[in-house]
Amino acid sequence: MSKKYFYITTAIAYLNGSPHLGHALEIIQADCIARFYRQLVKDVVFQTGSDEHGIKIFNAAKESRMNVEDFINQYHEQFIRLYKILNVSHDYYVRTTSSVHKRGASKLWLKMVENGDLYKSTYKGFYCIGCESFKTSKELVDGICPYHPNRPLIEIEEENYFFNLSKYVNRLIEIYEKDEIRIVPKKRKAEILAILKSELTDVSFSRQKNKMPWGIPVPNDPSHVMYVWADALSNYITNIGYEYDEDKFNSIWPADVHLIGKDIIKFHAIYWPAMLISAGIKVPKNLFVHGFVTLEGLKIGKSLGNVIDPFFLIEKYGSAPFRFYLLKNIPSNDDGSFNVDNLIETYNSALADQLGNLILRVLSFIERDFNGEIPALHDLDKIDEEFIRKFNFMEQLRNFMENFQLNKALDRVWEFIRDTNKYINDTEPWEIRKRGNIKRLSTVLYVLVEALRVISIYIHPFIPSISDKMFTFIGLEPLMDFSNVDFKTDTKGRIGKKEILFPKMQLEKKKNPLQMYDFRVGKVLEAEIHPEIKDFYILKIDIKEKIITVCAKLVPDYKKEELIQEPLVVLTNIKPRKIGGILSEGMLLGGKGSNEKMEIARIKGEPGEQIYIGDLEPMPETITMKRFRKAKIYSSSQKIKIEDKFLKTKSEFARINLKDNVKLT
């Protein structure tokens, strides 16, 4: 079977932590592209998935004292939930721990062996755990990985299988110079050509099983496991029939678009096509390389401790406004800064004022003056004809989307929405109504209903839930393909119940970063030694609203009875995490004294009583342990100081039996 489908993929998420804003951006961009091409009446296959092997996952599971499968499943469920609430329309989801993937990756490995491109050798070099790759000196900045500046490199020497990458350098240069694989934006193509024309060595494709026990065994050599390139990169073919259904595979492959972040372009633009050539498989057609979502100029990521929880933002602002903001305000192929105030301003201006108000005005006229029936079309005036000529701008839109300029495509759609608002202001239907010219009013409102119908089609790739609602409002069948964007003269129907689609949001007050913490007085009700980690107590702590579980390493320093009924300082909005299989829902504040005994902070007060940082009113948000560890919390005159403010209730200071300037954790 020949190729039938338009095939788009995302990079697969690495399951060593929860989804963050960068994951949300990539999956939303991919979903937008997939929906757009479906509306071009194309058969589309959209695949995403999860990368579930590697030393980072193995070590993180070990640190959490969890079974590795349980560890990755908890994060897998979070990603699936995120994709559901973001209205992501993926067709396939690949897991690299699945049997289908393992068989496909093994087949690809053997094909490369058959072509003489895998061999054993000893490697010595610097390894970045964050990237899960060895680094050359040219890839480092002052000896540090630019993508993981907070993680020291590890020097490793071991025997691995190597891929004969140098054999394919000239062919890869030819591919990119002739745009056989098109890289967007062009500056990324220049980066890849520069790498290919510099000293490029063969690359390690395996790790010894005793050093990385969590992975796919190398065929015919179980003492090694496949390294990430042979394992994770192959997901793009393993899940669509490479090993199990040749006809299906040929109908989907090659990929029309691999959508990836700029930090993994080298692996997708160099390693992956070289692997495919070695195995006798066609190379993909396009690499769309997006930038990072940044905060204060830094990429958002777990290793940097500045993760923004997308679930929190979606719950607070809504899935559609969240999608809209990321697609409109983050440049599609460059870095873009996330800002809550900007999100609210964009929502109020574009969604509430320009789109929401337009819908409400049109439907209100029809409800009041035509009893909810879509008015009839009569003779068109020049102003109507000029506006109608603006309906079909598919050539421009398609050009933007083919070049992966999603933000520009959305801006073009919004230009039409502004044109529609201008049309209603220029024709002044309220004045026509006053003059009693019902035929003219009917025509203007008919044209406006047609504009709303067309807008509903255009916005579907970007905010599909709003597109669906708009069709419900105007009472028409949602015919989404782009062949329906021309003005029609025979639209009939009855409008649905109208509602305010986008209520205005208030800009939030600027908050001090210290307001993120939610400290409470907590009273210990029970203390039991952890069944798996004997240094830890499992504490049941009353914070009035509920009783929470906290795992605390206090067994060496405190007897149970020393903790029971004690009012302690509890941080209640630290992200819950499993410790030895027990979910810990908070954290006690403490620090080590000169005798290395852990001293815990105490405070007089009732369970659940708010503890303030100075005079700041808490505005809590979920914080990670890494983020908390960056806080400047010190003992001062046996009180607790966070930066320049003391920790206290309205009447009592938190106290700790430590000398001055001991850092608390």
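The values are calculated or read from the model by the stated rules, or taken from the named source; none is laboratory data. Just so we're clear, the structure is a prediction, and the values are computed from it rather than from any experiment. Please note: Cβ atoms are built from the backbone with ideal geometry, for glycine as well, and neighbour counts cover all protein chains shown.
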request  = Take the range 568-577 and flag every residue that is in a strand (DSSP E or B) and free of Cβ contacts under 8 Å to residues at least 60 places away in the same chain.
outcome  = Leu568, Val570, Leu571, Ile574
query = What number goes with the only condition from (1) surrounded by 13 or more Cβ atoms within 10 Å (Cβ to Cβ); (2) under 25 Å from Ile383 (Cα atoms) that Asp481 does not pass?
reply = (2)
request  = Mind listing whichever residues of the range 247-264 are more than 18 Å from Cys131 (Cβ to Cβ) and in a helix (DSSP H, G or I)?
outcome  = Asp247, Lys248, Phe249, Asn250, Ser251, Ile252
inquiry  = I'd like the residue in the range 167-205 that is touching a helix residue (DSSP H, G or I) at 6+ places or on another chain (Cβ under 6 Å) and hydroxyl-bearing (Ser, Thr, Tyr) and, out of all such residues, is farthest from Asp231 (Cα to Cα).
reply    = Tyr176
inquiry  = For Glu199, only one of the following conditions fails: (1) crowded, with 22+ Cβ neighbours inside 10 Å; (2) farther than 24 Å from Trp109 by Cβ; (3) more than 32 Å from the chain's Cα centre (by Cα). What is its number?
reply    = (1)
note = For Lys641, the lone unmet condition from (1) in a strand (DSSP E or B); (2) surrounded by fewer than 18 Cβ atoms within 10 Å (Cβ to Cβ) is (2)
inquiry  = Out of Lys422, Lys497, I need the residue that is of a type in the set (Lys, Arg), in contact with a helix residue (DSSP H, G or I) (Cβ under 9 Å, 6 or more places away or on another chain), part of a loop (DSSP other than H, G, I, E, B) and surrounded by fewer than 18 Cβ atoms within 10 Å (Cβ to Cβ). Which one?
reply    = Lys497
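Tell me the helices (runs of 4 or more DSSP H) entirely within the range 285-369 that contain at least 3 residues that are under 23 Å from Met625 (Cβ atoms), at pLDDT 85 or above and out of contact with any strand residue (DSSP E or B) (no Cβ under 8 Å at 6 or more places or on another chain).
Working: elements: 310-317, 319-329, 340-346, 357-369.
Result: 310-317.
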key: Number of the condition not met by Asn210 [criteria: (1) surrounded by fewer than 19 Cβ atoms within 10 Å (Cβ to Cβ); (2) outside any loop (DSSP other than H, G, I, E, B)]   = (2)
query = Among Ala190, Ala255, Ala194, which is crowded, with 21+ Cβ neighbours inside 10 Å, in the same structural domain as His53 (by TED's automatic domain parsing) and of a type in the set (Gly, Ala, Ser)?
reply = Ala255
query = Is there any pair linking a residue in the range 37-53 that is touching a residue at least 60 places away in the same chain (Cβ under 8 Å) and under 16 Å from Thr9 (Cβ atoms) to one that is of a type in the set (Asp, Glu) and buried (at least 22 other Cβ atoms within 10 Å of the Cβ), with Cβ under 9 Å and at least six apart or on different chains, and which?
reply = Asp51/Asp231
Selected residue (only one of Asn164, Asn210 is modelled with pLDDT under 95, in the same structural domain as Asp256 (by TED's automatic domain parsing) and either of a type outside the set (A, V, I, L, M) or farther than 25 Å from Phe292 by Cα (or both)) = Asn210
inquiry  = Within the range 50-73, does at least one residue satisfy the condition of being more than 15 Å from the chain's Cα centre (by Cα), over 17 Å from Pro310 (Cβ atoms), assigned to a strand (DSSP E or B) and of a type outside the set (Asp, Glu)?
reply    = no
task = Scan the range 169-180 and report the pairs whose first residue is in the same structural domain as Ile277 (by TED's automatic domain parsing) and whose second residue is outside any helix (DSSP H, G or I) and surrounded by 11 or more Cβ atoms within 10 Å (Cβ to Cβ), with Cβ atoms within less than 6 Å and a gap of 6+ or a chain change.
result = Val169/Leu200; Ile175/Ile181
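Taking Tyr83 as the residue in question, decide whether it is within 23 Å of the chain's Cα centre (by Cα), in the same structural domain as Ser234 (by TED's automatic domain parsing) and under 30 Å from Gly280 (Cα atoms).
The answer is no for Tyr83.
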remark   = Within the range 484-494, restricting to residues that are surrounded by fewer than 17 Cβ atoms within 10 Å (Cβ to Cβ) and not polar (S, T, N, Q), the one that is nearest to Asn371 (Cα to Cα) is Arg494
ask   = Is there a residue in the range 276-285 that is touching a Ser or Thr at 6+ places or on another chain (Cβ under 8 Å) and in contact (Cβ under 8 Å) with a residue 12 or more places away in the chain?
value = no
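Answer yes or no: is there a residue in the range 523-531 that is within 24 Å of Ile633 (Cα to Cα) and out of contact with any His (no Cβ under 7 Å at 6 or more places or on another chain).
Applying the first criterion (within 24 Å of Ile633 (Cα to Cα)) to the range 523-531 yields 523-524.
Now restrict to residues that are out of contact with any His (no Cβ under 7 Å at 6 or more places or on another chain): 523-524.
So far as the range 523-531 goes, yes, one or more of its residues are within 24 Å of Ile633 (Cα to Cα) and out of contact with any His (no Cβ under 7 Å at 6 or more places or on another chain).
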query = What tally of residues in the range 371-399 results from selecting those that are part of a helix (DSSP H, G or I) and either more than 30 Å from Leu40 (Cβ to Cβ) or in contact (Cβ under 8 Å) with a residue 40 or more places away in the chain (or both)?
reply = 8
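Every residue, every condition in (1) among the acidic types (Asp, Glu); (2) out of contact with any Phe, Trp or Tyr (no Cβ under 7 Å at 6 or more places or on another chain); (3) surrounded by fewer than 19 Cβ atoms within 10 Å (Cβ to Cβ), yes or no:
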site	(1), (2), (3)
Glu428	yes, yes, yes
Arg433	no, yes, yes
Leu441	no, yes, no
Glu450	yes, no, no
Ser456	no, no, no
Phe462	no, no, no
Asp468	yes, yes, yes
Ile474	no, yes, no
note = Condition set in contact (Cβ under 8 Å) with a residue 40 or more places away in the chain and either part of a helix (DSSP H, G or I) or of a type in the set (Phe, Trp, Tyr) (or both), scope the range 82-101, selection nearest to Gln29 (Cα to Cα): answer is Tyr83
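Return yes when Pro146 is under 23 Å from Thr10 (Cβ atoms) and without any contact (Cβ under 8 Å) to a residue 60 or more places away in the chain and no when it is not.
On the way: under 23 Å from Thr10 (Cβ atoms): yes; without any contact (Cβ under 8 Å) to a residue 60 or more places away in the chain: yes.
Yes: the conditions hold for Pro146.
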